[in-house]
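S.K.: Sending over a structure as structure tokens; questions will come in a sec.
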Amino acid sequence: MAELTTIARPYAEAVFKRAGETSNFPAWSDALQLMAAIATDESMAEVIAGAQFSRAELADLFNEVAGSKIDQEAKNLVKLLAENGRLALLPEIAAQYEVQRAEAEGSIDAEIISAYAVSDAQRSKVAASLKQRLGRDINLSVTIDERGKLEKLASTVNQ
């Protein structure tokens, strides 16, 4: 894992630098998230790992799948990564880019995982507490873990 992080870092830094030069952080976030999703798709991951396509053909296929959802600069990144046999690094590149972006923007992502719905008031309270403690803006998301609710219920019944 540390090796993937090390290999992905220069790519993430280059994309972050370019996003800063063009003041285009959100567009790069969207493009990288899409490219990471494509790269982790089971079928595409097999194609990337396989040897049935040349690196140029692989880049063309990848860019065709992404279509008009990514711009020419993102397509050029795909070509560069394919030439270097690094398309599988896209999820790590995207993750590192988001860390750099959050750092530059003075924000941090946080997630509440709850077995029950979280009210807006509860979300606001958690976000305010984190902001006070961390000194950064908080991008808060909530995930409802229904399985957690069922596990809690099961443990109560079994007692």
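S.K.: Quick one: if you stick a label point 7 Å off each Cα along the C-beta vector at ILE113 and LYS69, how many nm between them?
M.R.: Spacing of the two 7 Å Cα→Cβ label points: 2.5 nm.
S.K.: Quick check: Cα centre of the range 40-55 to Cα centre of the range 1-31, how many Å?
M.R.: 22
S.K.: I need LYS79, LYS125 ordered by Cβ neighbour count within 10 Å, fewest first.
M.R.: LYS125, LYS79
S.K.: For LYS69, what is the net charge nearby, where nearby means another residue's Cβ is under 11 Å from its Cβ and Lys, Arg count +1, Asp, Glu -1?
M.R.: -1
S.K.: What is the fewest-to-most order of MET35, MET44 by other Cβ atoms lying within 10 Å of their Cβ?
M.R.: Sorted ascending by nearby Cβ count, the order is MET44, MET35.
S.K.: Okay, moving on. Output needed: percent of Cα pairs per 10 Å distance bin for the chain, bins running from 0 to the one holding the longest distance.
M.R.: Per 10 Å bin, starting at zero, the Cα-Cα P(r) for the chain comes out as 10, 29, 27, 21, 11, 2, 0 percent.
S.K.: May I ask which residue of PHE62, ASN139, ALA82 lies farthest towards the positive end of the charge dipole of the chain, with charges of +1 (Lys, Arg) and -1 (Asp, Glu) on Cβ and the Cα centre as origin?
M.R.: Value: ASN139.
S.K.: Another question, if that's okay. Rounded to the nearest 0.05, what FRET efficiency is calculated for ASN76 and ALA27 with R0 set to 22 Å and r the Cβ-Cβ distance?
M.R.: 0.95
S.K.: Taking R0 as 41 Å, what's the FRET efficiency between GLU105 and PHE53 from their Cβ-Cβ distance, rounded to 0.05?
M.R.: FRET efficiency, GLU105 to PHE53: 0.60.
S.K.: Can you list the HN-Hα couplings for the range 3-20, worked out from phi with the Karplus curve (6.51, -1.76, 1.60; θ = phi - 60°), rounded to whole Hz and with x for Gly and Pro?
M.R.: 5, 4, 4, 5, 5, 6, 3, x, 5, 4, 5, 5, 5, 4, 4, 5, 4, x
S.K.: With axes computed from alpha carbons, what is the tilt in degrees of helix 90-105 against the longest principal axis of the chain, rounded to the nearest 10 within 0 to 90?
M.R.: Taking the Cα atoms of the chain, the angle to 90-105 is about 60 degrees.
S.K.: Using Cα springs under 10 Å in a Gaussian network model of the chain, which residue among PHE53, PHE62, PHE25 shows the largest mean-square fluctuation?
M.R.: It is PHE53.
S.K.: Whose amide H sits under 5 Å from the amide H of VAL142, counting only residues 5 or more places off or on another chain, with H placed in the peptide plane?
M.R.: Excluding prolines and chain starts, which carry no amide H, the hits are ILE112.
FYI, it's all coordinate maths here, none of it is from the lab. These numbers were taken from a predicted model, which means no experiment stands behind them. Neighbour counts are summed over all protein chains in view; Cβ atoms, including those assigned to glycine, are modelled from backbone coordinates with ideal geometry.
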